[in-house]
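Shown next, in structure tokens, is the structure this report addresses.
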Amino acid sequence: MDRKKFIKTGILAVSGFYFLNANLFQAMQPETNSREKEVIDAPILVIGSGYGGAVSALRLCEAGKKVVMLEMGLNWEKSGIPFSNMLKPGKSAAWLKKKTIAPFMNIFSLTPFTGTLDRMDFEHINIWVGRGVGGGSLVNGGMAVTPKESYFKEIFPDLDAEKFYNTYFPLVHKEINYPGAEPNVIKIWI
């Protein structure tokens, strides 16, 4: 799978959960007897607490569903373990690695620990992964990036770019309390 197809498939999958509403969930529920109803009322399992998992869980809860969210990493805010810096990596520097994996700084030896940063290596792309409550938001450096509209149209030619730039991106910026929502601008906040 090439990079564009991977990104497109991933975003479309996450977007699908984001835009589902309670009426759709209700329409999908069949008539059941009481024994079957116990199974249907079981919690929905969401794997990962990053952007996709968090939005999916939120929308499911808003639709009245019971949700259990699983995350393979720590809640770093409550762990008491500081985040590593690039020049002197500590426990949080890498997920069960003997060396840091941060770009350009993978020369430091570590004692393997369930740290924050992991990398998944595929044939044509390496994906940086946050291990902990917050998922990918742990590795984005405190940045929110709105892609250039021309890039968006190139990668997603079948989507209504105007709707994304006039409706969805501003909605996301509002939901995450993103300071300054100008398109094509990288904002950093800590």
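What follows draws every value from the coordinates through simple rules; no lab data is involved. A quick note: this is a predicted structure, and the numbers were derived from the prediction, not measured. Note that each Cβ is placed from the backbone with ideal geometry, even for glycine, and that neighbours are counted across all protein chains shown.
Panel order for Ile155, Ile101, Ile107, by other beta carbons found within 10 Å of each beta carbon, from fewest to most: Ile107, Ile155, Ile101.
Shown is the FRET efficiency for Leu87 and Leu58, computed with R0 = 41 Å from the Cβ-Cβ distance and rounded to the nearest 0.05: 0.65. Quick check: net charge around Leu138, other residues with Cβ under 12 Å of its Cβ, Lys/Arg +1 and Asp/Glu -1? For residues surrounding Leu138, the net value is -2.
Each of Leu87, Leu45 has some number of other Cβ atoms within 10 Å of its Cβ, and from fewest to most they run Leu87, Leu45. On full extension, the segment bounded by Asn75 and Phe113 gains 12.2 nm, given 0.36 nm per residue less the C-alpha separation.
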